[in-house]
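A short worksheet on the structure shown next.
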């Protein structure tokens, strides 16, 4: 495992401070732009939640299985996680979207972890060498599975590359998998609640679930700020 990073550049510190605030805002701005375009093109006449639901139901077990398969291979292709979660919300609705998205994200994370640990150690080590991910093993040694949960909750590091990086650390597979599963729930739930109500929004319907999703999304966006303040009050450096 590459040695710990002892110094962060100003550029990296600026990245950490800006991204947690900007990411939820950018996501909401993108949704607003899509809403305006959708209304202008009258897409609500062609995209209907009940039609999509019937299509998924008619595919039986194959729809969810194909979705989970895409999640499983996504890490190796470095497919961004956000579009997959959004697609899950649109295709499977609020409940199904959360269930399939969290299962898919957990499966993809676990597979990438195992590939990194047993099949591609040298390649992954070369990829993360010199980056902020290079000191993960030191953090795991001090904090164990908690650093896995924190890295998922505050979402300031690349999702799929992080999966591979943890495979090089001393964390056990099951602590890693369980910490990933539960720590991803808030962000995935927020994204699915928003995306599963996008088609209704195109028809001018604003549901309580959409508002709840937006609120939860903003809370998730504030977690890095809260984390840094807690660490500062404890007199510890911000490690992620």
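The values are calculated or read from the model by the stated rules, or taken from the named source; none is laboratory data. As the structure is a computational prediction, the values presented were derived from the model and not from experiment. When we count neighbours, we look across all protein chains shown, and the Cβ atoms used for this are built from the backbone with ideal geometry, even at glycine.
Brief remarks follow.
- Per-region count, region 114-124, residues in a helix (DSSP H, G or I) and crowded, with 17+ Cβ neighbours inside 10 Å: 4
- Going through (1) touching a residue at least 60 places away in the same chain (Cβ under 8 Å); (2) within 18 Å of the chain's Cα centre (by Cα); (3) over 30 Å from residue 61 (Cα atoms) one by one, residue 137 falls short only on (2).
- Those residues of region 215-240 which are surrounded by 13 or more Cβ atoms within 10 Å (Cβ to Cβ), over 12 Å from residue 154 (Cβ atoms) and at pLDDT below 75, in sequence order: none
- Members of region 144-166 that are under 24 Å from residue 83 (Cβ atoms) and not in a helix (DSSP H, G or I): 155, 156, 157, 158
- Complete set of residues in region 126-149 that are out of contact with any helix residue (DSSP H, G or I) (no Cβ under 8 Å at 6 or more places or on another chain) and over 16 Å from residue 171 (Cα atoms): 126, 129, 130, 131
- Count - residues of region 169-221 that are within 16 Å of residue 97 (Cα to Cα), more than 16 Å from the chain's Cα centre (by Cα) and without any contact (Cβ under 8 Å) to a residue 60 or more places away in the chain: 2
- Residue in region 79-91 that is in contact with a helix residue (DSSP H, G or I) (Cβ under 8 Å, 6 or more places away or on another chain), outside any helix (DSSP H, G or I) and farther than 19 Å from residue 207 by Cα present: yes
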